């Protein structure tokens, strides 16, 4: 292979590597913007319409926390683990014109409720067998006991926020 061909190939590979490194995948982005296009209606009716947009979060499943072995139990503590899912609450942005009582300009009212993080855990299950661990006092045989079953409660954590503002101009 000629040196010019190798140089060209190296430049192409370096360019592709740089493009791939700088591009962010869609799953790395926390939200997807959703604009509501009202420009055509605005121009056809010759009036000011609200500017509306939203954000839809992308849910991302996490890795469940595995079972924990506890001394004195035959079955691990979390037989059915809780599955964590992180995502967010949808966001909205609204900016609407308000006519002034005196004058020709418009004021506006704006509502901004950005997408907020949401962390959840699915319900899980914990149970224990109706036998104790081997007992050395009884020649290594387990003793009977009442079985134990428990439901791990689901979890929902978020901190939503919003702002309402009024001001001049649109």
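Filter the range 118-139 down to residues that are part of a strand (DSSP E or B), within 18 Å of the chain's Cα centre (by Cα) and without any contact (Cβ under 8 Å) to a residue 60 or more places away in the chain and give me whichever is surrounded by the fewest Cβ atoms within 10 Å (Cβ to Cβ).
First, the residues of the range 118-139 that are part of a strand (DSSP E or B): 118-121, 124-128, 131, 135.
If we keep only those that are within 18 Å of the chain's Cα centre (by Cα) too, we end up with 118-121.
Filter once more, so that each one left must be without any contact (Cβ under 8 Å) to a residue 60 or more places away in the chain: 119-121.
On the way: 119: 14, 120: 17, 121: 19.
Out of the qualifying residues, it is 119.
Residue by residue, here is whether (1) touching a strand residue (DSSP E or B) at 6+ places or on another chain (Cβ under 6 Å); (2) modelled with pLDDT of 60 or more; (3) exposed (fewer than 13 other Cβ atoms within 10 Å of the Cβ); (4) not in a helix (DSSP H, G or I) holds:
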{"position": "5", "(1), (2), (3), (4)": "no, yes, yes, no"}
{"position": "16", "(1), (2), (3), (4)": "no, no, yes, no"}
{"position": "20", "(1), (2), (3), (4)": "no, no, yes, no"}
{"position": "24", "(1), (2), (3), (4)": "no, no, yes, yes"}
{"position": "35", "(1), (2), (3), (4)": "yes, yes, yes, yes"}
{"position": "49", "(1), (2), (3), (4)": "no, yes, no, yes"}
{"position": "52", "(1), (2), (3), (4)": "yes, yes, no, yes"}
{"position": "55", "(1), (2), (3), (4)": "yes, yes, no, yes"}
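Considering only the range 77-88, I want to know if a residue exists there that is in contact (Cβ under 8 Å) with a residue 40 or more places away in the chain and closer than 17 Å to residue 116 by Cα.
Looking through the range 77-88, at least one residue is in contact (Cβ under 8 Å) with a residue 40 or more places away in the chain and closer than 17 Å to residue 116 by Cα.
Looking at the range 140-154 only, could you name the residues that are surrounded by 13 or more Cβ atoms within 10 Å (Cβ to Cβ) and under 27 Å from the mean Cα position of the chain (by Cα)? Break it down stepwise before answering.
Within the range 140-154, the subset surrounded by 13 or more Cβ atoms within 10 Å (Cβ to Cβ) is 142, 150, 152.
Answer for the range 140-154, where residues must be surrounded by 13 or more Cβ atoms within 10 Å (Cβ to Cβ) and under 27 Å from the mean Cα position of the chain (by Cα): just 152.
The values are calculated or read from the model by the stated rules, or taken from the named source; none is laboratory data. Because the structure is a prediction, the values reported are computed rather than measured. Cβ sites come from the backbone with ideal geometry, for glycine too, and all protein chains shown count toward neighbours.
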